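Just below is one structure, and these are the notes that go with it.
Just so it is clear, none of the values below were taken in a lab; they were calculated from the coordinates. Keep in mind it's a predicted model, so treat the numbers as computed, not measured. We place every Cβ from the backbone using ideal geometry, glycine too, and count neighbours over all the protein chains shown.
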Amino acid sequence: MTAALLAAGFAVAAGAALQSAVGFGFALLAAPLVFAATSPEEAVGAMVLVGVEINLLTLATERRRPRPLWRDVWPVLAWSAPGAVAGVAVLRALDAVALQLLVTVGVLIALVVSRRAAAARSARDAADAPAVWARPAAGLASGALSTSTTTGGPPLVLLLMGRGVAPTRVRDTLTATFLGLGPISALALAVTGTAGAVPSATTAAVLVPLAAVGHVAGRPLFRRLAHDRAYETALTAVLLAAVAAGLLTVVL
């Protein structure tokens, strides 16, 4: 076990705690160090494996019945399949800096649009249904990002923000969607013959237990954030952190 892999393990624990608390953010914290500690292909495979673990823990071990918004989950997953295949091509071909810049700008623009929609909804005191194109766009983008950079969360968060949905249902919807994205991403990697995507035994032995520890640590924070304003503020803060990290990556 190398020092880089150990550092990646602690990043995975921190990312798992963040995802347990707000429903996403695992890859935003963990991916850079996991990619640094392994090859790009193995990093994607390891992130898929640990992501499935974290989402299973969320849905199956919290002693409550999850209530995802299935009208969002199923269309997003359906559209994520072609996006995941495209993401493998991106993983192999596109310059990493250019990809990070594109993702960062896209998240920033979408965040501005989402916050304006939230302000308009608040003024009307009524929840909005997403635009007709929103679910397909979120699915394609999330699928592509999941197999290229493993950061497929922001498109899903932006789909759900500003609609007046209770925090527990947002978190459950994100979790159910991520759980479905895991097998879709793995299948896309397999059918495209992406060599090296299966994590080594050492990588799995380090990351899997630390992800479980992080998940448990993040649960109390969600209970504190489970109010509309506090939760949306937390989601916005994580997205802004993702934008800042992306810009920093491009500059460095």
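Can you tally the net charge around residue 178? Count Lys and Arg as +1, Asp and Glu as -1, for every other residue whose Cβ sits under 12 Å from the Cβ of residue 178.
Summing Lys/Arg as +1 and Asp/Glu as -1 gives -1.
All other residues with a Cβ under 11 Å from the Cβ of residue 55 taken together, and with Lys, Arg as +1 and Asp, Glu as -1, what is their net charge?
That sum, taken over residues with Cβ under 11 Å, equals -1.
Determine, for each peptide in 154-166, 10-22, the mean count of other beta carbons within 10 angstrom over its residues, then list the peptides with the highest first.
10-22, 154-166
Could you give each residue of segment 57-67 its phi-based ³J(HN,Hα) in whole Hz, using Karplus coefficients 6.51, -1.76, 1.60 with θ = phi - 60°, and x for Gly or Pro?
4, 5, 7, 10, 10, 9, 6, 8, 8, x, 10
Within the set of other residues whose C-beta is less than 13 Å from the C-beta of residue 199, count the net charge using Lys and Arg as +1 and Asp and Glu as -1.
Charge balance near residue 199 sits at -3.
Taking the mean number of other Cβ atoms within 10 Å as a proxy for protection, how do you rank 172-179, 130-137 from highest to lowest?
Top of the packing list down: 172-179, 130-137.
What's the extension gain from residue 65 to residue 204 if we count 0.36 nm per residue and subtract their Cα-Cα distance?
47.1 nm
Per 0.36 nm of contour for each residue apart, how much would the distance between residue 133 and residue 92 grow if the chain were fully extended, relative to their Cα-Cα spacing?
12.0 nm
Work out, step by step, the length gained on full extension between residue 190 and residue 224: first 0.36 nm times the residue separation, then minus their alpha carbon distance; give nm to one decimal.
Extra length from residue 190 to residue 224 when fully extended: 8.2 nm.
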